[in-house]
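Since the structure comes first, as structure tokens, the remarks are kept for the end.
The values are calculated or read from the model by the stated rules, or taken from the named source; none is laboratory data. Quick caveat: nothing in here was measured; it's all calculated off a predicted structure. Here the Cβ positions follow ideal geometry from the backbone for every residue, glycine too, while neighbour counts run over all protein chains shown.
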Amino acid sequence: MATKGLSIPVFGKYNYNATTKAVTYTNGIIGGKAIEYTVSVESTENNPLYADNQIAENDIGKFSTGTLSLGTDDLTADVSKFLLGLKEASVTVEGLTGVTETIYDDDAVAPDLGFGIIEMHQKDGVEKYKAVILARVTMSFPEDTATTKPESVEWQTKTIEGTLQRSEEVSANYNHPWKRESWFTTEAQALTYLKTILGVVEAAGGE
């Protein structure tokens, strides 16, 4: 089944209950419009035990960490505040009203988040939608880059990266998961799944 598209990055605040060992996600948001994403994973090495000149037992390598790289159409002030733990303040500027700054300073602490996105696949002419959730991600400050507008517009987009960890959740279904996937027949179904898991609450009258 080949991948043919990508859409709708979703983020939710990661919350761990040490008593129940459950993880939930709250205050979820849509993080712009997806252009591309890459997940690079590091695993521990296999540790085989050799006996009688062959492998008798093997401690199979497991996920240790990873990196998420997400390209979006833009990073708005609201999305940046959510992903990076930024604050904002109103400032007085003569001749202007309602000036608000988003502030990058020593108080900025990026929270642990859950991240979700939708991959569009096709096989035998039929489209399917895979909803992917990375269970625990901490985003890093993105690079700032821009160029002046030439005669013909060259679109300039944003990329932000994050570090992956295993979730702390231990339950009947999960044992420190780092990724979850589910398949759907429509994008709307996949988005409903991501919004539900990652705690996106619909505003009155829609998104």
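General remarks:
- Test: residue in region 10-30 that is in contact with a strand residue (DSSP E or B) (Cβ under 7 Å, 6 or more places away or on another chain), farther than 25 Å from residue 201 by Cα and modelled with pLDDT of 95 or more: no
- Residue in region 49-70 that is under 26 Å from residue 178 (Cα atoms), among the β-branched types (Val, Ile, Thr) and in a helix (DSSP H, G or I) present: no
- Unique match (being in a strand (DSSP E or B) and over 30 Å from residue 186 (Cα atoms)) among 135, 89: 89
- Residue count, region 38-77 (criterion: in contact with a Pro (Cβ under 7 Å, 6 or more places away or on another chain) and among the β-branched types (Val, Ile, Thr)): 2
- Any hit, region 56-67, residues being surrounded by 14 or more Cβ atoms within 10 Å (Cβ to Cβ) and under 15 Å from residue 119 (Cα atoms): no
- Some residue of region 45-55 being on the phi > 0 side of the Ramachandran plot, free of Cβ contacts under 8 Å to residues at least 12 places away in the same chain and of a type in the set (S, T, N, Q): yes
- One residue from 80, 171 being more than 21 Å from the chain's Cα centre (by Cα) and surrounded by 11 or more Cβ atoms within 10 Å (Cβ to Cβ): 171
- Residue match in region 111-121 (condition: of a type in the set (Asp, Glu) and either under 30 Å from residue 170 (Cβ atoms) or at pLDDT 95 or above (or both)): yes
- On the stretch given as region 147-201, residues that are closer than 17 Å to residue 10 by Cβ and among the small types (Gly, Ala, Ser) total 6.
- Filtered residue count, region 5-34, keeping only those that are exposed (fewer than 15 other Cβ atoms within 10 Å of the Cβ), among the small types (Gly, Ala, Ser) and assigned to a loop (DSSP other than H, G, I, E, B): 1
- Residues that are assigned to a strand (DSSP E or B) and either exposed (fewer than 10 other Cβ atoms within 10 Å of the Cβ) or of a type outside the set (A, V, I, L, M, F, W, C) (or both), drawn from region 143-162: 158, 159, 161, 162
- Matching residues in region 129-168 - criterion: being within 21 Å of the chain's Cα centre (by Cα), among the aromatic types (Phe, Trp, Tyr) and within 23 Å of residue 77 (Cβ to Cβ): 141
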